[in-house]
Amino acid sequence: MTHHRTTTDVLVVGAGPVGLSAAAELRRHGVRCRIVDRLPARLPYAKAVGIQPRTLELWDRMGLVRAVLEAAVPIRGQLLYADGEERARMALELPPEVPYGFAALPQYETERLLEEYLGGLGTVVERETELVSFDRDRDGVTARLRTASGADEELRVPYLIGCDGAHSAVRKGLGLSFGGGAFPEEYMLGDVEADWDLPHGYAVRSSRRSADGSADDVLVCVPLPGPGRYRMSMRVPPEPSARREAAPDDGAGAADRVAPGSDTPADRTVHDPDVPPDGVAHGVQAGRAPELSDLQAVVDRLAPRPARLSRLRWSSVFRISHRIVDRYGEGRVFVAGDAAHIHPPTGAQGMNTGVQDACNLAWKLALVVRGEAGPGLLATYDAERRPVGEEVVGRTVRHAARGVGADPDDDRRTLLLREAQLLVGYRGGPLAGAPYGPAGAPQPGDRAPDCAGLTTPAATFPLRLLDVLRGRAGHVVLLYGSGAAELSGAVEAVRAVGGPPAVVVLPAGADRSALAALSVPVYRDAAGEFARLYLPDGATGLVVRPDGQLGARFPLGGAAAALDDYLGALSLRPRS
């Protein structure tokens, strides 16, 4: 074995959307990292396609969102059919203050954009490099890699993140349990074009119901970029065709027509030593791919409009499990994304939940690596994200069995906000400070709402709060008030405790001239939207975390104590 110890802070295993997001956030926070993936190139399959509004907000903070928006297609709504009749036409309309809607983009395009962004930060994916094994101790992790040349490398790193999918080597190396269950049914997946006359930008779900009301035959179609292009999924008929390579019967190029694997090339078979007792392996099955005629037969039976399918770019058979680890990490090793949780694809929650895992973990690792927080902060990753994973797994299983909207307590607005992942929060968690302010106000642990109508003299157009936060890698303290003396005292208090950079937000009619000596950015809430969404109780301060959640809320007069308390929670030093 070649013993080669490289100086880096974090090793990320797996270069899917989750691993790339983790590496990008680490680099943006100034942390050295390496990212490895055992495949020679990105897989050309539209596996995860849905992008939620919350993920777009996170990518906005990173400065990536424009590239994603230019490549993606908007999802305007969903058409629901049952037993041949239209049952609902759902417009995916979010509150006006939410900056982004629902979108779809093939996973390989998402990975391309993230990889290019990461490359701009000076880190490239090390392809055909596989994690063979690792050992860990109190001081770090010793990882053994097999590189593209076939050489073995031993790498010593302080931290390791496993973003290596449902068959995660990191999860297995940690000995984490992966409890749950599985659906026995097989499904077909295909990337095709349809010539029907359904409205553009709408997903389609058409089903037939059995006597007990459950969907025993279902067709789900999600729009993709390109005229008439959809990713379609459906139950496998009794005897579908199976092949390793699609026949070029529609003019598609051979490069687009390979039979897929889950995370393996098409000429390899997945042999998972951890196949669960139920015998159902999660994900796309290597070496199996339906013909265009198989997909057409289901469309003929279930589609709400006659449609001819063409240009089959790829197809596959897949199985669905629902599982979650017993903990999201141990010591200096962590798992995220499919390595930590798998579940039905209902509502496009999986990749987006994984990206949020990555962003939650990355800023905490960055603070610890830089010595600005105690190592105990890393335990809050499991405390905050595992409950989210449990909720997503449970909800997607219910929706897969009974349909989206099956939860009786969800009104339409709540349903959409939850599917958009805008309700994810950590109230009551280890980093959430004491609540402050009126009922209904965003509290520590909640998502920090975006808002429009912020003005500054140098700009002739209003800005959004996301514009103010974009590119700021760390925490930001928002100070809202109109009194010059009170704001000056709060700014000095932030500086005195070594707090994050401060930004002042003034009410619409406040005098800006008295604040010229503050030497901090000052914006006016010209439209009153900040006040409407944040409900400040007089002069109020807010800490916005790097992942866009609120860390603290406090009266400006108590800024020093509140910030000291929050910073103490980050370092886990005893609170006074």
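The values are calculated or read from the model by the stated rules, or taken from the named source; none is laboratory data. All values reported here derive from a predicted model rather than from experimental measurement. Note: ideal-geometry Cβ built from the backbone for every residue, glycine included; neighbour counts use all protein chains shown. Accessible surface areas use protein heavy atoms only, side chains included; no ligands, DNA or RNA. Shrake-Rupley method; radii C 1.70, N 1.55, O 1.52, S 1.80 Å.
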Solvent-accessible heavy-atom area per residue, rounded to whole Å², over the chain at 1.4 Å: 39
The chain: angle of helix 107-120 to the longest principal axis, Cα-based, in degrees nearest 10: 40
Where the accessible area of the range 333-471 is counted over protein heavy atoms with a 1.4 Å probe, how much of it, in %, is carbon and sulfur? 56
Relative contact order as a percentage, the range 463-576, C-alpha pairs under 8 Å and 6+ apart, gives 28
Considering the zone a paramagnetic label at A516 would reach in this model (a point 7 Å from Cα along the Cα-to-Cβ line), which residues of the range 444-470 have amide N under 19 Å from it? 456-459
Taking the Cβ-Cβ separation of A508 and R413 as r and a Förster radius of 35 Å, what is the calculated FRET efficiency to the nearest 0.05? 0.80
Report the relative contact order of the range 12-129, percent, no decimals, based on alpha-carbon pairs under 8 angstrom and at least 6 residues apart. 40
FRET E, pair A151, R32, Förster distance 22 Å, beta-carbon r, rounded to 0.05: 0.50
For a protection proxy built on the mean count of beta-carbon atoms within 10 angstrom, sort 492-503, 99-110 highest first, please. 99-110, 492-503
Assuming R0 = 35 Å, what is the FRET efficiency of E186 and E70, from their Cβ-Cβ distance, to the nearest 0.05? 0.45
What is the sum of charges, Lys and Arg at +1 and Asp and Glu at -1, for the other residues whose Cβ falls under 11 Å from the Cβ of R76? 0
Relative contact order for the chain: what is it in percent, counting Cα pairs under 8 Å that are at least 6 residues apart? 15
What does the charge count around R532 come to, taking other residues whose C-beta lies under 15 Å from its C-beta (Lys +1, Arg +1, Asp -1, Glu -1)? -3
Under the 0.36 nm per residue contour assumption, what length would be gained going from the current alpha-carbon distance of S177 and E85 to full extension? 28.8 nm
When ranked by the protection proxy of mean other Cβ atoms within 10 Å per residue, highest first, what sequence do the peptides 524-532, 154-162, 370-378 form? 154-162, 524-532, 370-378
Highest first, please rank the peptides 346-354, 478-486, 515-523, 84-92 by the mean number of other Cβ atoms sitting within 10 Å of their residues. 346-354, 478-486, 515-523, 84-92
If each K or R counts +1 and each D or E counts -1, the residues other than G350 whose Cβ falls under 11 Å of its Cβ total -1
Total charge dipole magnitude, the chain, about the Cα centre, Cβ charges on Lys, Arg, Asp, Glu only, Debye to nearest 20: 760
Could you give the nm distance between label points at E492 and E130, where each point is 7 Å from its Cα heading toward the beta carbon? 6.4
Before rounding to the nearest 500, sum -39500 (n - 2.57) across all DSSP H runs of length at least 4 in the chain and divide by the residue total; then give [θ] at 222 nm in deg cm²/dmol. -8000 deg cm²/dmol
Any chance you could run the full-extension gain for A434 through D300? It's 0.36 nm times the residue separation minus the Cα-Cα distance, nm to one decimal. 42.5 nm
Ratio Rg/Rh [Cα only; Rh per Kirkwood] for the range 1-122: 1.10
Between R308 and D139, the two model label points (7 Å from Cα along the beta-carbon direction) sit apart by a distance in nm of 7.1
